[in-house]
Amino acid sequence: MINFKSVDATAIPQLMAIETACHSHPWTLNTMSSCIGGRYFNLAAFNGDTMVGFYIGEKAGPDFTLMDICVAPSEQGKGIAKQLLNQFIDYGEQQNAENLFLEVRESNTPAIKLYENAGFIEMSVRKNYYPSDNPAKNGFEDAILMGMALGLNFQ
Ligand SMILES: CC(C)(COP(=O)(O)OP(=O)(O)OC[C@H]1O[C@@H](n2cnc3c(N)ncnc32)[C@H](O)[C@@H]1OP(=O)(O)O)[C@@H](O)C(=O)NCCC(=O)NCCS
């Protein structure tokens, strides 16, 4: 049984453990610390007392951005990211966000599928946005900017 709750700065070690296990180029401790509180919001998934995933979002007026979403490798493929992402969307709706945005590496097929299945669409490409270790990429990789409009719900 997975439980969900927001976390504060005391959870940074758990967030960083998942972050570094999940990403080829993880956020630094400083970046993670700067994304807790203020205009940032989050939700973490727990199996008992163990954090198994999280998302971090940012509010900028009517635009909410999904900054990061991760599920611990041993817990992937169980629908946890889908639940986290659905709750990010629900939170945006509750808070009257007009647009949801995110960026994703062009090679990150699992994440792109996750976002497409939830209703995000590709909006544009940011060239050479991410660092990359792939020699074919010359040190950089494109980001796909995806979005979802919540403010077009005419009745
Ligand atoms: C992307 C990530 C968050 C998915 O987490 P997850 O808990 O395994 O995902 P879920 O089990 O909830 O799967 C939800 C959907 O994602 C997609 N998906 C997940 N893993 C996939 C894979 N290996 N291949 C293709 N699609 C995949 C599918 O659409 C899936 O829905 P379905 O099972 O109905 O087909 C996880 O792989 C991860 O943490 N990756 C590293 C961090 C990262 O890249 N984050 C995104 C940054 S933009």
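None of the figures in this text is laboratory data; all of them are computed from the coordinates on show. As the structure is a prediction and not an experimental result, all values here were calculated from the model. We place every Cβ from the backbone using ideal geometry, glycine too, and count neighbours over all the protein chains shown.
A few remarks follow.
- Label zone at residue 2 (point 7 Å along Cα-to-Cβ), backbone N below 17 Å, the range 77-115: 77-91, 110-115
- Histogrammed with a bin width of 5 Å, the alpha carbon distances of the range 3-64 distribute as 4, 17, 30, 25, 16, 7, 1 percent, first bin at zero.
- Here, P(r) means the percent of Cα pairs in each 10 Å bin from 0 to the largest distance; for the range 97-155 it is 23, 44, 23, 7, 2, 0.
- Residue with peak Gaussian network fluctuation, the chain [Cα springs, cutoff 10 Å], from 138, 42, 128: 138
- The range 2-149: antiparallel DSSP beta bridges as a percent of all, rounded to 5: 90
- Separation of alpha-carbon centers, the range 1-55 and the range 113-155, rounded to whole Å: 22
- Pairs from the table (59/137; 82/113; 5/59; 5/82) lying more than 22 angstrom apart at Cα are 59/137.
- Over the chain: Kirkwood hydrodynamic radius from C-alpha pairwise inverse distances, Å: 16.2
- Estimated distance in nm for a label pair at residue 29 and residue 90, the labels positioned 7 Å out from Cα along Cα-to-Cβ: 3.4
- By the helix-only formula, in which each DSSP H run with n ≥ 4 contributes -39500 (n - 2.57) and the sum is divided by residues, the chain has a 222 nm mean residue ellipticity of -8000 deg cm²/dmol.
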